[in-house]
Amino acid sequence: MNTFNQATLQQKLSEIRLGLHATGIEDTHSIQMEKNVAHVSIQFPTLNNQQLFKGKLGKEVSTHEGYLAMQLCALNVLYQLKNNVGLSNIDGIHHMEVFYQADTDWDEAPLIAAGVTDVLQKVVGEKADYTCSLMTMTSLPDNFSVGLACSFTLINNSKKAAISNGFMVTL
């Protein structure tokens, strides 16, 4: 059973803004920084170490649940940013990659992708134009229905850094 809903989203957004532990697993391997762009590797719909929203969209997972799953992925992206870059250093969204697995007759990817923008724009705002790729997959790890990878432009990246093997290296 999926226990993520709009009230959970509002609570998690408040926690992120307050700097409290939100969602996801803290992982320094999830961020790569170059020049003024922070790349967050693929995040899945997990909450409090529970894997949610498993299966194919249009079969085991409804479009609405896919939308909620993408919101949860976006929260996990923000969690990685908050802990590794700092949300105050984010200028805007640069690029989003929405990954999903779906039944052959399902064709509502833009509707689930809206779950990402609805969350990110509440935190980041509409400060930058961005691109979005929607990619259907034959399968995703652990049978997740969706996943999300994002890039963000940074306000001021005077320190160029890369996070590799758990260590941040200033370049």
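The values are calculated or read from the model by the stated rules, or taken from the named source; none is laboratory data. Remember, predicted model here, so these are calculated numbers, not experimental data. All Cβ positions, glycine included, derive from the backbone under ideal geometry; neighbour counts span all protein chains shown. Only protein heavy atoms, including side chains, enter the accessible area calculation; ligands, DNA and RNA are left aside. Shrake-Rupley method; radii C 1.70, N 1.55, O 1.52, S 1.80 Å.
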From 66, 19, 55, 92, which residue is at pLDDT 80 or above and farther than 16 Å from residue 119 by Cβ? 55
Failed item, numbered, when residue 71 is tested on (1) at pLDDT below 90; (2) touching a Gly at 6+ places or on another chain (Cβ under 7 Å); (3) surrounded by 19 or more Cβ atoms within 10 Å (Cβ to Cβ): (1)
Just for segment 75-98: of the residues that are of a type in the set (D, E, K, R) and under 21 Å from residue 52 (Cβ atoms), which one is most open to solvent (accessible area, probe 1.4 Å)? 97
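Of everything in segment 124-169, what is on the phi > 0 side of the Ramachandran plot and either part of a strand (DSSP E or B) or modelled with pLDDT under 50 (or both)? Give them in sequence order.
Residues satisfying the conditions are 165, 166.
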Here are some residues: 101, 43. Which one is modelled with pLDDT of 95 or more and either of a type outside the set (Gly, Ala, Ser) or open to solvent by 60 Å² or more (accessible area, probe 1.4 Å) (or both)? 101
Of the conditions (1) under 23 Å from residue 154 (Cβ atoms); (2) in contact with a Ser or Thr (Cβ under 9 Å, 6 or more places away or on another chain); (3) aliphatic (A, V, I, L, M), residue 123 clears all except one; give me its number. (2)
